[in-house]
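Laboratory data are not the source of any read-out in this text; all were calculated from the coordinates shown. Quantities reported herein were computed from a predicted structural model and do not represent experimental measurements. Neighbour counts are summed over all protein chains in view; Cβ atoms, including those assigned to glycine, are modelled from backbone coordinates with ideal geometry.
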Amino acid sequence: MRPHTRVLSIVSLLFVTHLLQIGLFAGGFWIAGAWFGIGGFEGAAMAHPLDYLYFSAVIYTSLGIGDIVPTGHLRFLVGVEALNGLLLIAWSASFLFATMNRLWDWEPCVEPKDEE
């Protein structure tokens, strides 16, 4: 596989992995709120499954828009997701950089002049 194709494959896999992680937390918010009753949400209504996915994506990426606010013990789960998202996004960027550094031959833009 060519290096550019390999890097593109890794980026796609990382993106899908992050989306799955966001979906897991969205399901966790729904289960924790609806089944276990450990908290709820204030602000914009959480009437559709995509609302949970939206909220989870906002928290995972640490945007924190604030149109939906968790209450009760769900706040702890929100904090865990924010920390998890921060760590995994940083790790993904570091892993991608290391992979690109290993796969691509970097050539200098300018050769230094010999001073004699």
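Across segment 65-112, the number of residues qualifying as surrounded by fewer than 14 Cβ atoms within 10 Å (Cβ to Cβ) and among the aliphatic types (A, V, I, L, M) comes to 9. If you check F41, F55, F76 for being in contact with a strand residue (DSSP E or B) (Cβ under 7 Å, 6 or more places away or on another chain) and part of a helix (DSSP H, G or I), only one passes: F55. The single condition among (1) in contact with a strand residue (DSSP E or B) (Cβ under 6 Å, 6 or more places away or on another chain); (2) under 30 Å from M1 (Cβ atoms) that L96 does not meet is (1).
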